[in-house]
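K.L.:
This is the structure I have questions about; it appears just below.
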Amino acid sequence: MIDDFISYLVNLKGYSVNTADAYRRDLYDFAAWARANLTDPRWSVISRTDIDNYIKYCVDSDLKPATTNRRLASISGLYRYFKRQGHDIENPCKYESRRKIAETIPNTIPMAELQASYNHATGACKIMLGLLATTGMRIQELLDLRYEDIDFEKSSIKVRGKGNKERLLYTSPTYLETLRLAHLNGASGIIFNLTQRDARRMIWESLKPYSHAPQLSPHAIRHTFATNQAAHGTNCSTLAEILGHNDLNTTQKYIDIGQSNTQQACLAYSLLH
């Protein structure tokens, strides 16, 4: 059943392979716990009490609240799939209590350090850094880009995000010109013939000499882009559209940080004393 569900996520819902693999790991972990701890581990008979015991197991195993909540979301997703398939099975996760997660500030990279990394980068790494930093796209969205997705005249980029949803992003002609000069005009197909692992390594190696940020990753660049946009007045709904967020609550944290930065800047300097 798990493999059928994963196939459904990839082929019908348009989930990325990485996201689907995360669902698979979560569900196999829960299934292994159920076989080891429940008298009858069938999906059809698992109860709310069983889920509560699983949450306790996760807490006792020192799993982070976010990890526990992700596992619960995966289990709940599987039961929703059962319903869609016509199985009359109650979802034991429907009313479960998620573990409280402390508010965290997204990891960002100081703009000067990001600029220095870009200035010293070359080849494909320079192009990737430029596009990530000026559009806020996800690493997999970047690696899925094709030449046909870029309109050099309008400086626009068609991006396919989660769930295979398309959105239009814009960047400076400068960064696209770097891409144009690196490849023959009229080229087509995938731009970056890289695995996600190789792309992440290249970006890390490019950032490491110039940045002391705690996280040097494509997602940290995305956080930096979003925080910078919010600080310069981009509203929540517009920023959500740029980032490809379905839930405005996901975007709101950047707006809150941006407002906080604005308040600090206003209070730090005054013409009158």
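K.L.:
Give the residue that is modelled with the highest pLDDT, with candidates limited to residues of the range 96-119 that are surrounded by 11 or more Cβ atoms within 10 Å (Cβ to Cβ) and basic (Lys, Arg).
P.N.:
98
K.L.:
Exactly one condition in (1) of a type outside the set (Val, Ile, Thr); (2) modelled with pLDDT of 90 or more; (3) closer than 26 Å to residue 17 by Cα is false for residue 166; which is it?
P.N.:
Single failed check for residue 166: (2).
K.L.:
Criterion first (under 18 Å from the mean Cα position of the chain (by Cα) and modelled with pLDDT under 90) does residue 236 satisfy it?
P.N.:
yes
K.L.:
Moving on. Where residues in the range 24-62 are assigned to a helix (DSSP H, G or I) and either acidic (Asp, Glu) or not assigned by TED's automatic domain parsing to the domain that holds residue 10 (or both), which of them is nearest to residue 9 (Cα to Cα)?
P.N.:
Of the range 24-62, the ones assigned to a helix (DSSP H, G or I) are 24-37, 43-45, 48-60.
Now restrict to residues that are either acidic (Asp, Glu) or not assigned by TED's automatic domain parsing to the domain that holds residue 10 (or both): 26, 29, 50, 52, 60.
Working: 26: 14, 29: 18, 50: 25, 52: 26, 60: 31 Å.
Across the range 24-62, the extreme among qualifying residues is 26.
K.L.:
Is there a residue in the range 84-95 that is at pLDDT 85 or above, surrounded by fewer than 18 Cβ atoms within 10 Å (Cβ to Cβ) and not in a loop (DSSP other than H, G, I, E, B)?
P.N.:
Checked against the condition, which is being at pLDDT 85 or above, surrounded by fewer than 18 Cβ atoms within 10 Å (Cβ to Cβ) and not in a loop (DSSP other than H, G, I, E, B), the range 84-95 yields at least one hit.
K.L.:
Continuing with the same structure: Out of the range 10-23, which residues are among the aliphatic types (A, V, I, L, M) and either free of Cβ contacts under 8 Å to residues at least 40 places away in the same chain or not in a helix (DSSP H, G or I) (or both)?
P.N.:
10, 12, 17, 20
K.L.:
Here's something else I'd like to know. Could we say that residue 189 is in contact (Cβ under 8 Å) with a residue 24 or more places away in the chain and in contact with a Gly (Cβ under 6 Å, 6 or more places away or on another chain) here? I'd like the intermediate steps shown before the answer.
P.N.:
Numbers: in contact (Cβ under 8 Å) with a residue 24 or more places away in the chain: yes; in contact with a Gly (Cβ under 6 Å, 6 or more places away or on another chain): no.
It is false that residue 189 is in contact (Cβ under 8 Å) with a residue 24 or more places away in the chain and in contact with a Gly (Cβ under 6 Å, 6 or more places away or on another chain).
K.L.:
Are any residues in the range 136-149 assigned to a helix (DSSP H, G or I), touching a residue at least 60 places away in the same chain (Cβ under 8 Å) and either under 14 Å from residue 168 (Cα atoms) or of a type in the set (S, T, N, Q) (or both), and if so, which ones?
P.N.:
Result: 140, 141, 142.
K.L.:
Further question on the same structure: Can you find a residue that is part of a strand (DSSP E or B) and among the charged types (D, E, K, R) anywhere in the range 150-157?
P.N.:
The answer is yes; a qualifying residue exists.
K.L.:
Among what's in the range 176-231 and is at pLDDT 85 or above and of a type in the set (Ser, Thr, Tyr), pick the residue that is surrounded by the fewest Cβ atoms within 10 Å (Cβ to Cβ).
P.N.:
195
Yes/no matrix, rows are residues, columns are (1) at pLDDT 90 or above; (2) within 19 Å of residue 89 (Cα to Cα):
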residue: 30; (1), (2): yes, yes
residue: 36; (1), (2): yes, no
residue: 48; (1), (2): no, yes
residue: 60; (1), (2): no, no
residue: 69; (1), (2): no, no
residue: 73; (1), (2): no, yes
residue: 79; (1), (2): yes, yes
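The values are calculated or read from the model by the stated rules, or taken from the named source; none is laboratory data. Since the structure is predicted, the reported quantities are computational estimates derived from the model, not experimental observations. Using ideal geometry, Cβ is built from the backbone for each residue, glycine included, and neighbour counts are taken over all protein chains shown.
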